[in-house]
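Structure first, commentary second.
The values are calculated or read from the model by the stated rules, or taken from the named source; none is laboratory data. Remember, it's a predicted structure, so these values are computed and weren't measured experimentally. Virtual Cβ from ideal backbone geometry, glycine too; neighbours counted across all protein chains shown. All accessible areas refer to the heavy atoms of the entire protein, side chains included, with ligands and DNA or RNA removed. Shrake-Rupley method; radii C 1.70, N 1.55, O 1.52, S 1.80 Å.
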Amino acid sequence: MKPKDRPTFKPSLRAKTWNPEIETAFLRKWQEEGIFKFDEKSEKPTFSIDTPPPYVNTPIHIGQAYTYVWMDIFARYKRMTGHNVLFPMGLDKNGLPVEVQTERIYNISMHETPREEFIEKCRVILKESGDRSLDAFKRLGLSCNSWSLEHRVGGRYETDDPEYRRLTQETFIRFWNKGLIYEDEKTTNYCPVCGTTISDAEVEYKEEETVLNYMRFRVQETGETVIIATTRPELLCSCRTVIFNPDDERYQHLGGKNAVVPIFEHAVKIQPHAYAKPDFGSGLVMMCSFGDYGDVWILRELNLDPIYAIDEKGRMNENAGQYKGLTVEEARKKITEDLKSQGLIVKAEKIRQRRPICWRSKNPIEFVPMKELYLKQVEFKDEILRIADQMEFFAPESKQILVDWINSVGIDWVISRRRYYGTEVPLWYCKECGYIYAPEPGRYYQPWREDPPIDKCPGCGSTELSGEERTFDTWFDSATSEAYILAYLWDKDFFGKNFPCSLRPQGKEIVRNWLYFTLLKSFLLFNAAPFKNAWIHNHVVDEQGRKISKSEPETWIDPHEVMTRFGSEAFRIWSGLEGNITRGDIRCSFERIKGTSKFLTKLWNIARFISSFPRASEDYELAPLDEMILASLNELIMECRRGYEEMNAFTAASALRTFTWNMFADHYVEAGKSRAYNRGGAFDPRLQRGAWFTLHKCLETILKLLAPIVPFITEALWLEIYEKESIHIQSFPEEPPEWKHEAANLLPRLVEFDNTIWRYKKSEGLALSQELAPSIYAPLELKPLAEDLKIMHRIKNLVFGIPGGGRNVEELAEGIFVEKLA
Ligand SMILES: [Zn+2]
Ligand SMILES: [Zn+2]
């Protein structure tokens, strides 16, 4: 190219490369402009997202960062498609984790510390860690409506806020008045470490190695010795019966006889029961109260009174005789030694066993009798399944997790907890007659520290009323988040118009508690499903597929480090490009994030090139090449819309990368740039303007389509190259009908042709810019692009159609030939 032909075109985009340091400036700008604020007066349809309030006592996790970015993508897409988006930020602060942390940091015990003082210490910790979490979520670029705590639609909320707790208490009082709550002493799951009852939904399982001891029992009537295997010899004192399988030939003769329990010497009945598995241990099973769920079910079924051997501190009680006061572990060790020394253990084998553990402390749970408050749920299972059908699930198969859980519910929901940092159960008790007083809803009650709102007992007139001291299961708070964000407390009109909430996004591991309990409460309060849609996601794992956890340093990927090293945008484009978290677990590493972020550099380069040209809006003519890429752009818009509508950002992100990089930049821009520059003045100026129009139309559309995924870089490019008004309040691109024609089919043929020619030049040792002397035969369909192809590849003689017989040609690819030069 001669110097005078050098374009006078200079990029209007000044910076040569994307600089993540400007991200924070955009965060400030967006906040100042208030563009994501929820507008209560808007005429647009509301799209409401029940953003999961993260528990704040631990730093934000890479998996959380990933899933909140996806929620933000949904919010931004909905905003661009004409919705008034309710995307609140909440923080979960109630419950056990902060209590445990407070005990550890201050080296105190909750139950031995004055309640006020303990709560205050929790608050200090929560404030600090809450602020840290908010900073991290802000830094990710979430377009939440507000970052300040406000009692209004779209305001940030916290679950320990008196307003939030008022709602929790109101729902309880309504259930109480409808007779849906009762108190009962039942065998409950109990975590000795957390010091509280926990619901079935809070029980997890851990497979661990344990010892199966084969012990000698004596048959009372005959004196014969039978062998019984158990993993929990410390519960011998609580043994209530011994069972064998009705089909087990070995033990038929024992039916109706009694077995004498070693050490404790009490006799228990031996009976057939299908729960005994002939191939486990010796086939004879002792049923204790209680070693596991099997014990609980069988004793209940056989109507045998339990002998509780473990107290709520996890220690053996007086029923354990000489083992009283020992912890469960200590007692197991001691009694095993005693049995061994008396020759009562004939064999010990190591086995792996699934043990129920507490989901918070990961400690084995025990079964103890406790008087607790229950919310009825078993009788409503069919109704809850019915309202679950009113919701759409993404991915559809995730619905099964919910259905399976509902079907497995066998006991009412234990909602009271013996903890301090939670929403108080709003009840007072008459010391004289036992009358239970539930106050009117309307304010937040703290019965442990305040007088009842009535002077005397409505039952007997006594003035001696004492306040309840227990708190709620934190899921009882969380299971009304959708009602809280839809202003149930403050604006019944708004609530009426916008319930059910549009979307619940959440992890698969909390379907059985958060999603299920929200359905239960919504059914009992509103007789309807709480959501129109539920998006259920999987987990982010490390390169080896291991769970990412702070306690496993080799797996740990700190989102703060990612954002500091690569910027939020690099993390966000990785989140979009690396896979579909609705369908499976996602692998993450610094390398992957760095690798996918190359697309940002490419995007910047393309935009900078295009910014050299004016944006033609009139008096232009489209060449076939332009029509081809615009028609393909149409297909891209449809594909992106489909992905966003299906709540799958991956579909949109990967289609965008392929189009932008591998189609638009590599082929259209390469073929069209000569016309855009009009080197040598060979082109009609109207066609030159057609290239300008097309370049800008593609870039502008790509930016808008990408904006939900990468809001920073698209905003930077948009503001500098196009308009002064944020890209995030622009409309999502529409497909203009005039671009929907066959021209899109040309693109794959063009790609194939270009690649073939480039390959050929390389194999012949020619530079890409070198002229091709031999004739090239191209497929007939490409004829409309003849001029572009000739200039792009510097082909002297381009012929369309299969060459005639007898010609000296060589096939390079399907339909593409080169003349063989002697
Ligand atoms: Zn626990
Ligand atoms: Zn009374």
Subset of the stretch 693-731, residues in contact with a Gly (Cβ under 8 Å, 6 or more places away or on another chain) and surrounded by fewer than 21 Cβ atoms within 10 Å (Cβ to Cβ), comes to Ser731
Need the failing condition index for Gly690 against (1) assigned to a helix (DSSP H, G or I); (2) open to solvent by 10 Å² or more (accessible area, probe 1.4 Å), just the number. (2)
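Okay, residues lined up against (1) under 20 Å from Pro356 (Cα atoms); (2) outside any loop (DSSP other than H, G, I, E, B); (3) open to solvent by 50 Å² or more (accessible area, probe 1.4 Å):
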{"residue": "Val268", "(1), (2), (3)": "no, yes, no"}
{"residue": "Gln271", "(1), (2), (3)": "no, yes, no"}
{"residue": "Tyr275", "(1), (2), (3)": "yes, no, yes"}
{"residue": "Pro278", "(1), (2), (3)": "no, no, yes"}
{"residue": "Phe290", "(1), (2), (3)": "yes, no, no"}
{"residue": "Gly294", "(1), (2), (3)": "yes, yes, no"}
{"residue": "Glu312", "(1), (2), (3)": "yes, no, yes"}
{"residue": "Gln322", "(1), (2), (3)": "no, yes, yes"}
{"residue": "Glu329", "(1), (2), (3)": "yes, yes, yes"}
Yes or no: Lys333 more than 29 Å from Glu208 (Cα to Cα) and not in a strand (DSSP E or B)? no
Restricting to the stretch 774-822, name every residue that is loosely packed, with under 13 Cβ neighbours inside 10 Å and within 26 Å of Val669 (Cβ to Cβ). Leu780, Lys796, Asn797, Glu814
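Could you please give the count of residues in the stretch 367-398 that are open to solvent by less than 60 Å² (accessible area, probe 1.4 Å), touching a residue at least 60 places away in the same chain (Cβ under 8 Å) and touching a helix residue (DSSP H, G or I) at 6+ places or on another chain (Cβ under 7 Å)?
Taking the stretch 367-398 as the starting set, the residues that turn out to be open to solvent by less than 60 Å² (accessible area, probe 1.4 Å) are 367-370, 372-378, 380-381, 384-385, 387-388, 391, 393-395, 398.
Now drop any that are not touching a residue at least 60 places away in the same chain (Cβ under 8 Å), which leaves 367-370, 372-377, 380, 384, 387-388, 391, 393-395, 398.
Of the ones still in play, those that are also touching a helix residue (DSSP H, G or I) at 6+ places or on another chain (Cβ under 7 Å) are 367, 375, 377, 380, 384, 387-388, 393, 398.
Residues flagged as open to solvent by less than 60 Å² (accessible area, probe 1.4 Å), touching a residue at least 60 places away in the same chain (Cβ under 8 Å) and touching a helix residue (DSSP H, G or I) at 6+ places or on another chain (Cβ under 7 Å) within the stretch 367-398 amount to 9.
Condition first: in a helix (DSSP H, G or I), of a type outside the set (Gly, Ala, Ser) and within 21 Å of Lys704 (Cβ to Cβ). Now tell me which residues in the stretch 580-625 satisfy that.
Within the stretch 580-625, the subset in a helix (DSSP H, G or I) is 590-596, 598-610, 624-625.
Checking which are of a type outside the set (Gly, Ala, Ser) leaves us with 590-594, 596, 598-606, 608-610, 624-625.
Selection gives Thr596, Phe599, Leu600, Thr601, Lys602, Leu603, Trp604, Asn605, Ile606, Arg608, Phe609, Ile610.
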Qualifying positions in the stretch 137-184 - surrounded by fewer than 17 Cβ atoms within 10 Å (Cβ to Cβ), closer than 30 Å to Ile411 by Cβ and touching a Phe, Trp or Tyr at 6+ places or on another chain (Cβ under 9 Å): Tyr182, Glu183, Asp184
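I'd like to know if the stretch 334-354 contains one or more residues that are at pLDDT below 90 and either in contact with a helix residue (DSSP H, G or I) (Cβ under 6 Å, 6 or more places away or on another chain) or not aromatic (Phe, Trp, Tyr) (or both). Quick ask: steps written out before the conclusion?
Restricting attention to the stretch 334-354, the residues satisfying the condition of being at pLDDT below 90 are 353-354.
Next, from what is left, pick out any that are either in contact with a helix residue (DSSP H, G or I) (Cβ under 6 Å, 6 or more places away or on another chain) or not aromatic (Phe, Trp, Tyr) (or both): 353-354.
Within the stretch 334-354, one or more residues are at pLDDT below 90 and either in contact with a helix residue (DSSP H, G or I) (Cβ under 6 Å, 6 or more places away or on another chain) or not aromatic (Phe, Trp, Tyr) (or both).
Give Thr102, Thr51 a once-over and let me know the one that is part of a loop (DSSP other than H, G, I, E, B), surrounded by 24 or more Cβ atoms within 10 Å (Cβ to Cβ) and among the polar types (S, T, N, Q).
Working: Thr102 fails: part of a loop (DSSP other than H, G, I, E, B).
The unique qualifying residue is Thr51.
Within the stretch 263-305, track down each residue that is among the hydroxyl-bearing types (Ser, Thr, Tyr) and either more than 11 Å from Phe244 (Cβ to Cβ) or without any contact (Cβ under 8 Å) to a residue 40 or more places away in the chain (or both). Explain how you work it out, then say what you get.
Kept after step one, since they are among the hydroxyl-bearing types (Ser, Thr, Tyr), are these residues of the stretch 263-305: 275, 282, 289, 293.
Those that are among the hydroxyl-bearing types (Ser, Thr, Tyr) and either more than 11 Å from Phe244 (Cβ to Cβ) or without any contact (Cβ under 8 Å) to a residue 40 or more places away in the chain (or both): Tyr275, Ser289, Tyr293.
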Just to verify a result, which residue in the stretch 81-99, among those that are modelled with pLDDT of 95 or more, open to solvent by less than 10 Å² (accessible area, probe 1.4 Å) and more than 27 Å from Ile586 (Cα to Cα), is nearest to ligand 2 (Cβ to nearest atom)? Leu86
Anything in the stretch 796-816 that is under 14 Å from Leu750 (Cβ atoms) and in contact with a strand residue (DSSP E or B) (Cβ under 9 Å, 6 or more places away or on another chain)? List them, or say none. Leu798, Phe800, Gly815, Ile816
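Name the single residue, out of those in the stretch 342-393 being among the acidic types (Asp, Glu) and part of a strand (DSSP E or B), that is farthest from ligand 1 (Cβ to nearest atom). Don't jump to the end; show me each part of the working.
Filtering the stretch 342-393 for residues among the acidic types (Asp, Glu) gives 349, 366, 372, 379, 382-383, 389, 392.
Still in the list and also part of a strand (DSSP E or B): 349, 366, 372, 392.
Details: Glu349: 29, Glu366: 11, Glu372: 16, Glu392: 35 Å.
The extreme case among them is Glu392.
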Report whether or not Ser575 is small (Gly, Ala, Ser), more than 15 Å from Trp18 (Cα to Cα) and assigned to a loop (DSSP other than H, G, I, E, B). no
Could you check how many residues of the stretch 406-445 are surrounded by fewer than 15 Cβ atoms within 10 Å (Cβ to Cβ) and more than 16 Å from ligand 2 (Cβ to nearest atom)? 6
